[in-house]
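Contents: one structure, followed by commentary.
The values are calculated or read from the model by the stated rules, or taken from the named source; none is laboratory data. These numbers were taken from a predicted model, which means no experiment stands behind them. FYI the Cβ positions are ideal-geometry reconstructions off the backbone, even for glycines, and counts take in every protein chain you see.
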Amino acid sequence: MSPSNPALAIACDIDGTLIPKSTGKPDPASIAAILPLLTSPSPPTFFLATGKSRAGAVASLSPELPAKLLLAAPGVFLQGLRVYKGGEPNELLVDSRLPPDATELFLPLLAAHPGIALAAYDGDEIFADPGDLDHPGVRSLSEVYGEPSVLPLSLAKPRAFHKLLLLAPPDDPAAVAPLLPPLESLASELGLEVTSATPSMLEVLPARCSKAAGVRALLSHLNVPPSRTLAIGDERNDVEMLGLCFGVACKDAAEAAKQAADVVLERAAYEGGVAEAIRAYAGGKGGG
């Protein structure tokens, strides 16, 4: 990808990318670069590609990026489990869910790892057992990551959720690490996927689902080849997306993301890394 062969679409992660870890707020230079893309009918088409719910993504980025523009744009949410086409009405292109008994099957594993809480996503709603509502990891979903408030629900009852989150306290992210091998083993037996967007969380997704799969489905709908798509991300859950498209990682991204990217910028996310990537690989477009 080059100025003479610029991106026709841009897929951008949120946490750690548009919202740098060091500040917890949308990066002003990157927001300034994205805003004109959301209001222009010409390429490149900008869309979010995130593990967040759609409601959480909009809340995290507004008012810096107006909610009305984000709700009308295409988007990949919940690690590719919900994909919106864009336009009016903005209809779902992908809506993938776990089997109804999946949550119950993971509860014994949680019982063997005290201190880890479970949350379940159903679209823009998030649920946890009533006894876990005050768990620091559960509270962080709304207090730190801008997701909707978590609602009480017995997760032992069958329900086809979109994804499950296994949460360590944010101040002790290493507490979730011992859970990874047995979680991956159980998920493999059930034909499910495991990924991670932050060090303190593990996510269980439906079979053959990922952020990259959601991006691939949306690009097919938009008739844009992955080779002409700029993807910007920073974590393990972005690795496949960065490999699918022309991948760019900021200098403060996780090592796995840097290794998967085609280009690692000399700027960090908090230094306007996303804005630099857009200017360099989207034909000079983007403000800031």
| query | So, in the range 61-85, of the ones that are crowded, with 24+ Cβ neighbours inside 10 Å and of a type in the set (Gly, Ala, Ser), which residue ends up farthest from LEU164 (Cα to Cα)? | reply | GLY75
| task | Identify all residues within the range 109-122 that are in contact with a helix residue (DSSP H, G or I) (Cβ under 8 Å, 6 or more places away or on another chain) and either assigned by TED's automatic domain parsing to the domain that holds LEU71 or modelled with pLDDT of 95 or more (or both); write none if there are none. | result | ILE116, ALA117, LEU118, ALA119, ALA120, TYR121
| task | Considering only residues that are of a type in the set (S, T, N, Q) and surrounded by fewer than 19 Cβ atoms within 10 Å (Cβ to Cβ), look in the range 197-224 and name the one that is nearest to PRO6 (Cα to Cα). | result | ASN223
| task | State all residues of the range 108-135 that are surrounded by fewer than 20 Cβ atoms within 10 Å (Cβ to Cβ) and within 20 Å of the chain's Cα centre (by Cα); if no residue qualifies, say none. | result | ASP122, GLY123, ASP124, GLU125
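Table: residues versus (1) in contact (Cβ under 8 Å) with a residue 60 or more places away in the chain; (2) over 18 Å from the mean Cα position of the chain (by Cα); (3) assigned by TED's automatic domain parsing to the domain that holds HIS113.
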| position | (1), (2), (3) |
| --- | --- |
| GLU184 | no, yes, yes |
| GLU235 | yes, no, no |
| PHE246 | yes, no, no |
| ALA261 | no, no, no |
| ALA277 | no, yes, no |
| query | When you scan the range 171-281 for strands (runs of 3 or more DSSP E) that lie fully inside it, which ones turn up with 2 or more residues that are over 30 Å from LEU110 (Cβ atoms)? | reply | 229-232, 246-249
| When you go through (1) without any contact (Cβ under 8 Å) to a residue 60 or more places away in the chain; (2) in contact with an Asp or Glu (Cβ under 8 Å, 6 or more places away or on another chain) one by one for LEU92, which number turns out not to apply? | (2)
| field | the range 93-125, residues that are touching a His at 6+ places or on another chain (Cβ under 6 Å) and under 21 Å from ASP172 (Cα atoms) | value | ALA117
